[in-house]
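What follows is a short report on a single structure.
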Amino acid sequence: MTTTFVVRRHAHADVAGKRVLYIVSNPATLMGFPVGFFAEEMTGPFFDLMQAGCTVDIVSPKGGKVEFDGFSDPENEMTQYPNDLITLGFKYHASFSKLMENTPSIADVDVSHYDAVCVAGGGGPLITFKDDMALHKLIADFYESGKIIGMICHGTCLMLWTTLSDGTLMADGKTWTGYPDSEEEMMNAALGTTVNEFTIETEAKKNPSTTFESAAPLAPFAIRDGQIITGQQQHSTRLFSDLLIEALSE
């Protein structure tokens with residue numbers, strides 16, 4: 001007789017009715033090529049949050065039409081992710097696909113309407129987020145209102161610049177992750193050039209009051225430190241979603 005182990009699992013997170021604001025970057029140009037946000041870093045958590053019962057609103061700093069980074073779009077001829085079924089479903093959904101056509105601006109956001117804010121990564125954030133003081137203030141407002149803040153991949157660059165009302169950086173005293181130098185180096189080697197003028201990990205390590213961590217290149221990795229949840233890159237979206245839903249259920 002063979003001995004087996006029976007495993008039973010139940011969902012313990014009750015997040016029905018919670019509202020999440022999802023920020024994606026506006027289109028930009030990097031090295032002469034159009035960039036936007038990384039598809040799966042929005043569509044994956046969007047799906048997970050929706051399935052858990054949350055309402056998710058998509059906005060961008062400037063408003064208007066937003067676009068996936070080409071290499072993250074499963075239908076782009078240069079894609080590295082042709083089997084991203086969740087993004088494909090999002091693109092062809094009768095309602096969800098329209099959300100990217102004319103996003104509201106962050107200027108229209110009322111923080112009190114939301115329980116959490118999330119930020120996708122991709123090619124656009126390092127270019128468009130750095131000097132966007134209104135975006136930095138919005139993230140600080142969410143934090144100081146006790147809301148959950150989730151950022152993934154290059155979206156975590158906001159940890160470098162978001163300053164609280166007392167003048168300290170939101171990153172001070174926090175442990176977090178994001179797109180690491182090891183993965184930047186892999187991308188540079190693949191393209192034969194330095195893609196980004198600065199990197200999140202290098203800049204984070206200039207701040208002695210914060211702790212940046214990462215797993216092996218391309219490994220799924222996410223961290224929760226209090227209100228702040230961060231994911232290393234697109235392979236971390238499920239871990240990122242799990243931590244978000246857990247935090248929202250508390």
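The values are calculated or read from the model by the stated rules, or taken from the named source; none is laboratory data. Since this is a predicted model, take the numbers as computed values, not measurements. Positions of Cβ are backbone-derived with ideal geometry, glycine not excepted, and every protein chain shown enters the neighbour counts. With ligands, DNA and RNA removed, areas are computed over all heavy atoms of the protein, side chains included. Shrake-Rupley method; radii C 1.70, N 1.55, O 1.52, S 1.80 Å.
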* To do: Select, from LYS18, LYS62, the only residue that is charged (D, E, K, R) and over 24 Å from GLU246 (Cβ atoms).
  => LYS62
* Structure fact -> Taking the range 1-56 and keeping residues more than 12 Å from the chain's Cα centre (by Cα) and among the charged types (D, E, K, R) leaves ARG8, ARG9, ASP14, LYS18, ARG19, ASP48
* **Tally, over the range 96-151, of residues that are of a type in the set (Asp, Glu), open to solvent by 40 Å² or more (accessible area, probe 1.4 Å) and outside any helix (DSSP H, G or I)** => 4
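Residue-by-condition table, conditions (1) over 16 Å from the mean Cα position of the chain (by Cα); (2) open to solvent by less than 60 Å² (accessible area, probe 1.4 Å):
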position: VAL195; (1), (2): yes, yes
position: LYS205; (1), (2): yes, no
position: PRO220; (1), (2): no, no
position: GLU246; (1), (2): yes, no
* To do: Check the range 186-198 and report whether any residue there is modelled with pLDDT of 95 or more and of a type in the set (Asp, Glu).
  => no
* Asked: GLY226: touching a residue at least 12 places away in the same chain (Cβ under 8 Å), crowded, with 20+ Cβ neighbours inside 10 Å and either in contact with a helix residue (DSSP H, G or I) (Cβ under 9 Å, 6 or more places away or on another chain) or closer than 30 Å to ALA16 by Cβ (or both), yes or no?
  -> no
* Only one of (1) within 15 Å of GLY122 (Cβ to Cβ); (2) without any contact (Cβ under 8 Å) to a residue 60 or more places away in the chain; (3) open to solvent by 60 Å² or more (accessible area, probe 1.4 Å) is not met by PHE47, so which one is it? -> (1)
* Structure fact -> Of the residues in the range 56-83, those that are assigned to a loop (DSSP other than H, G, I, E, B) and either under 24 Å from ASP115 (Cβ atoms) or touching a residue at least 24 places away in the same chain (Cβ under 8 Å) (or both) come to PRO61, LYS62, GLY63, LYS65, VAL66, GLU67, ASP69, ASP73, PRO74, TYR81
* To do: Scan the range 84-95 and give yes if some residue there is of a type in the set (Lys, Arg) and touching a residue at least 12 places away in the same chain (Cβ under 8 Å), otherwise no.
  => yes
* To do: For the range 17-34, enumerate the residues that are open to solvent by 10 Å² or more (accessible area, probe 1.4 Å) and aromatic (Phe, Trp, Tyr).
  => PHE33
* Which numbered condition trips up GLY178, out of (1) in a loop (DSSP other than H, G, I, E, B); (2) within 17 Å of ALA204 (Cα to Cα); (3) open to solvent by 10 Å² or more (accessible area, probe 1.4 Å); (4) not charged (D, E, K, R)? -> (3)
* **Hey, SER214 open to solvent by 10 Å² or more (accessible area, probe 1.4 Å), part of a loop (DSSP other than H, G, I, E, B) and closer than 28 Å to PHE33 by Cβ or not** => yes
